[in-house]
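Undergrad: Here it is: the structure, laid out below.
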Amino acid sequence: MTTVLIFLAVLFVLILVHEWGHFIVAKLTRMRVDEFAIGFPPRLFSRKYGETEYSLNALPLGGYVRIYGEDPTAVEGEVADKSRAFGSRPKWAQALVLLAGVTMNWIFAWFLLVVIMLVGVPTQITEKDATDNSVIYIESVLEGSPADTVLPPQSKLIRVESGDSVLNPILPSTFSEFVASRAGETIDITYQDVNGAENTVSVIPQTGVIESSPERAALGVSMSLVETVQKPLGTAIVDAGIQTWTMTKTIVVGFGKLITGQVSLNQISGPVGIAGYVGDAAAVGVTTLLYLTAFISVNLAVINLLPIPALDGGRLVFVAIEAVTRRPIPPVWASRVNLVGFAALMLLMLLATISDISKLF
């Protein structure tokens, strides 16, 4: 349940950011905005301020801004406010409104990355760079080893002792030597798991665990030394921009491989799979959750720019065609094409969801 709530919260924020982009630019270009809605009907709550109705709907997987005149048939025969209809505004204004949503998704991802870098990014370091703030983590546990099922991966070591001996400092090399010198002896290890809970377990090192050194006593764990590195504001702003661009290129390349058949649909995650990733990220820590949220935000930006009817990219194609031909696309045909595009997107989401569920079994 917690995972679902966190996923819905992330989705809510990303939709809010995207739709706010459309909303604010529509207002700035003097279009009449009739409704700003989060979620899809049925409606739970709404209130009108000025000319715009603000709505909260029951289905949280979406949202929309209803701009007067987006449906050309709705303004036929009307005189009042007709100049403020979407289709009556200049083509550059229409394009800006359509681009505003994805632009806000990119800006929001960049902002989150700046915050992460200011707060501090966990970075793997070498022992010679270790400080008092360095933390040692268990990266992985060898199956069938003394530590298997006892020490969970991604846990942070707090204290290591055996009898009257306490390991200090705790580093990968000192830990390895401490364990190797105590074959058959009990070692008490206190660790903090990914949920922040502290536990103490007792393990006994054994020989024959390390294939390359069978005579050496070991527990069967690999470790990493990590330190949270904070960046100054100027550096964070630049590096976050570079990382946002890198994310964008990675996602574009991924879509290219999907289109060319180099990546199968089974490798694409739908809502269920993404919810699982969000839950895992939240369990690791706030910065990990923020990073994943930034990545999802960039994903939404790229997806919405695809030239598929019903998406912002598809509507931009319509605006471009009208600008070149200097005549509007017949509303009936535009509605039909958008309906086909929407149906195709829903089918793709359904297939991705089925794939997500099949991976659970």
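Undergrad: Any idea which of Ile274, Met31, Leu16 is furthest toward the positive side of the dipole for the chain, if Lys and Arg beta-carbons carry +1 and Asp and Glu beta-carbons -1?
TA: Ranked along the dipole, the leading option is Met31.
Undergrad: Once you charge only the Cβ atoms, +1 for Lys and Arg and -1 for Asp and Glu, what is the size of the charge dipole of the chain about its Cα centre, to the nearest 20 debye?
TA: Roughly 2140 debye for the chain.
Undergrad: Return Leu292, Leu258 ranked ascending by Cβ neighbour count within 10 Å, so the fewest neighbours appear first.
TA: By the 10 Å Cβ count, ascending, the order reads Leu258, Leu292.
Undergrad: If one puts a single equal scatterer on every Cα of region 194-240 and applies the Debye formula without solvent, what log₁₀ I(q)/I(0) results at q = 0.23, 0.24, 0.28, 0.30 Å⁻¹?
TA: Computed log10 I(q)/I(0) values: -0.95, -0.98, -1.03, -1.05.
Undergrad: Next question, about the same structure. Quick check: net charge around Glu198, other residues with Cβ under 15 Å of its Cβ, Lys/Arg +1 and Asp/Glu -1?
TA: In short, -1.
Undergrad: If we count every other residue with Cβ under 10 angstrom of Gln94's Cβ, Lys/Arg +1 and Asp/Glu -1, where does the sum land?
TA: +1
Undergrad: Now for a separate question. With axes computed from alpha carbons, what is the tilt in degrees of helix 331-359 against the longest principal axis of the chain, rounded to the nearest 10 within 0 to 90?
TA: Long axis of 331-359 versus the principal axis of the chain: about 20 degrees.
Undergrad: Shifting gears a bit: Hey, of (i) 188; (ii) 134; (iii) 155, which did the structure itself give for volume of the Cα convex hull per residue in Å³ when calculated?
TA: Working out volume of the Cα convex hull per residue in Å³ from the coordinates points to (i).
Undergrad: Using Cβ counts within 10 Å as a stand-in for footprinting exposure, how do Thr52, Thr293 rank, fewest first? Mind dumping the intermediate values first?
TA: Values: Thr52 18, Thr293 22.
Taking fewest neighbouring Cβ atoms as first place, the list is Thr52, Thr293.
Undergrad: Also: Report, in listed order, any pair from Lys128/Lys156; Lys27/Lys82; Lys91/Lys249; Lys27/Lys91; Lys27/Lys48 with a Cα-Cα distance greater than 23 Å.
TA: Lys91/Lys249
None of the figures in this text is laboratory data; all of them are computed from the coordinates on show. Note that the structure is predicted; figures quoted are calculated from it, not measured. When we count neighbours, we look across all protein chains shown, and the Cβ atoms used for this are built from the backbone with ideal geometry, even at glycine.
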